[in-house]
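*Asks:* Supplied in structure tokens, the structure appears directly below.
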Amino acid sequence: MATSFYPEAYLQWGTTNNYELDDATANEYLALLLRGDGFTPNFDVNDLTVTNLLADAQNSEITATGYARKGLSSVTFTKSGTQAFWKAANIVFAITGTGQDVQAVVIFKDNGAGDGNKKLILFHDFTQFILNGKDVTVRTNDTDGTDTIFTMG
């Protein structure tokens, strides 16, 4: 289980290249869930948008009944030396479908229409689980506010 910022998001932090991580407003950042059928984070310089992420055959987004990408609220990003941290209000995916494996969440910035404009910020992979018709909760404010925990039900 690991959380990592996409290198371009980290390197462009605070610039005007659509990575202004310090001005987070409600629903400006969104989360999507990836299936557990081979997800491997790719830090290739070309893997900068949701379109690029999903174009890779090993990355597929959840399609279960009730699933929808979720906007984040109370988002903060901080840097300390060479480390970066993020916090947000818990994210609840109200998924009623069953059977799909889930392995990762990806956070991205909504820069306009189309997945080609949505810049990847970070991913968190976790122990794969199978959807069972209950809500999936991404708890992002655990203890020190920097751990990302996933629960179902």
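*Asks:* What single numbered condition from (1) at pLDDT 85 or above; (2) over 26 Å from Asp135 (Cβ atoms); (3) among the β-branched types (Val, Ile, Thr); (4) not in a helix (DSSP H, G or I) fails to hold for Thr15?
*Replies:* (1)
*Asks:* Restricting to segment 67-86, what's the tally of residues that are part of a loop (DSSP other than H, G, I, E, B), β-branched (Val, Ile, Thr) and over 13 Å from the mean Cα position of the chain (by Cα)? Break it down into steps so the answer makes sense when it comes.
*Replies:* From segment 67-86, those part of a loop (DSSP other than H, G, I, E, B) are 67-69, 72-75, 81-82; that's our starting set.
Going one step further and asking which of them are β-branched (Val, Ile, Thr), we end up with 75, 82.
Of the ones still in play, those that are also over 13 Å from the mean Cα position of the chain (by Cα) are 82.
Counting residues in segment 67-86 that are part of a loop (DSSP other than H, G, I, E, B), β-branched (Val, Ile, Thr) and over 13 Å from the mean Cα position of the chain (by Cα) gives 1.
*Asks:* Being within 11 Å of Ile62 (Cα to Cα), crowded, with 21+ Cβ neighbours inside 10 Å and modelled with pLDDT of 80 or more narrows it down to one residue among Val106, Val102, Val138; which is it?
*Replies:* Details: Val106 fails: within 11 Å of Ile62 (Cα to Cα); Val138 fails: within 11 Å of Ile62 (Cα to Cα).
When all the criteria are applied, what remains is Val102.
*Asks:* Return yes or no: is Ala64 at pLDDT 80 or above and not in a strand (DSSP E or B)?
*Replies:* Yes; evaluated as a whole, the condition is true for this residue.
*Asks:* Hey, among Asn90, Asn111, which residue is of a type in the set (S, T, N, Q) and touching a helix residue (DSSP H, G or I) at 6+ places or on another chain (Cβ under 9 Å)? Can you show your working first?
*Replies:* Numbers: Asn90 fails: touching a helix residue (DSSP H, G or I) at 6+ places or on another chain (Cβ under 9 Å).
Exactly one of Asn90, Asn111 is of a type in the set (S, T, N, Q) and touching a helix residue (DSSP H, G or I) at 6+ places or on another chain (Cβ under 9 Å), namely Asn111.
The values are calculated or read from the model by the stated rules, or taken from the named source; none is laboratory data. Because the structure is predicted, anything quoted here is derived from the model rather than measured. Note that each Cβ is placed from the backbone with ideal geometry, even for glycine, and that neighbours are counted across all protein chains shown.
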